[in-house]
Amino acid sequence: MKQIFLLFIIITICFGNVALAQDTIRLFGHKEPQKTRSISDPNVITETKPVKSCDPNGIQTLTGPGHNLGFYVGFHSEYSQIAGYDAFGAGGTFALIANHGLAIGFSGKGFLTEPYELIPGSHTSYNYTGGYGGFLIEPIVFPKFPVHVSFPILIGAGGIAKSILTNYNYPYDYTEVYVEDAEAFLIAEPGIELEFNVARWLRLGLGASYRFTTTFQPSGFDSNPMDGFTGGFSLKFGKF
């Protein structure tokens, strides 16, 4: 598991270096060439590249002056398995985008598993509910292309509860529910997403990710019931 996570981080860094090398995904933008007319012939227009300022009192950067800042608000839905049971989740994201190529923000998700019976016919079922959220960093490769990829990485914390549903009958008819056990955890969730530029203000994404969580204390849970793959889709609205 840890080897897969380290390999994913290395691939993300490599893609990020490639992205920064492309003129369309400069992290902090660039100035347009300046156009001037010839004094001898006004119909002749020449272009000159801007010269970087050398202000001794200012901070000098490798990428030069200028910037382009965007943002997006995203909503996503996903499917996974928790402790071997089908789970469905939904969440939201808010992120700022540095000149089209790097999104940084916050993301949160909630999840719910299907009810299951430990003893068939007992009319007592169990399920898992919870959520997590945290800091999001998302390199975007070739964002100006109609179809491109991004590599979101969420690092944060969350909680999960194991609940008992008494007198349960399909689909969601029960007399009462109470929490049998609960745990908090830290989480890292790297992923990959295929994005479609539907409009200038709208993107559709199809993606997959893998959850890595800290080991749970001995209780009513497996050691790492949430570790595993997730898949889903997202809608993003904003200025890209």
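The values are calculated or read from the model by the stated rules, or taken from the named source; none is laboratory data. Quick caveat: nothing in here was measured; it's all calculated off a predicted structure. Ideal geometry is used to build each Cβ from the backbone, glycine not excepted, and the neighbour counts take in all protein chains shown.
Against the numbered list (1) more than 20 Å from the chain's Cα centre (by Cα); (2) farther than 20 Å from residue 186 by Cβ; (3) crowded, with 16+ Cβ neighbours inside 10 Å, residue 97 comes up short only at (1).
Only one of the numbered conditions (1) closer than 28 Å to residue 240 by Cβ; (2) in a strand (DSSP E or B) is violated by residue 128, and that is (1). Residues in region 186-213 that are farther than 20 Å from residue 152 by Cα and not aliphatic (A, V, I, L, M): 200 only. Among the residues of region 229-240, those identified as in a strand (DSSP E or B) and under 16 Å from the mean Cα position of the chain (by Cα) are 229, 230, 231, 232, 233, 234, 235, 236, 237, 238.
So, of the residues in region 214-240 that are among the β-branched types (Val, Ile, Thr) and at pLDDT below 95, which turns out to be surrounded by the most Cβ atoms within 10 Å (Cβ to Cβ)? Result: 214.
Evaluation of residue 176 against the conditions (1) of a type outside the set (Phe, Trp, Tyr); (2) more than 19 Å from the chain's Cα centre (by Cα); (3) modelled with pLDDT of 90 or more shows that the sole unmet condition is (3). Among all positions in region 113-121, there is no residue which is at pLDDT 95 or above, under 16 Å from residue 226 (Cα atoms) and either under 13 Å from the mean Cα position of the chain (by Cα) or not β-branched (Val, Ile, Thr) (or both).
One line per residue, one yes/no per condition, for (1) farther than 18 Å from residue 80 by Cβ; (2) touching a residue at least 24 places away in the same chain (Cβ under 8 Å):
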residue	(1), (2)
177	yes, no
185	no, yes
189	no, yes
201	yes, yes
206	no, yes
210	no, yes
229	no, yes
236	yes, yes
240	yes, yes
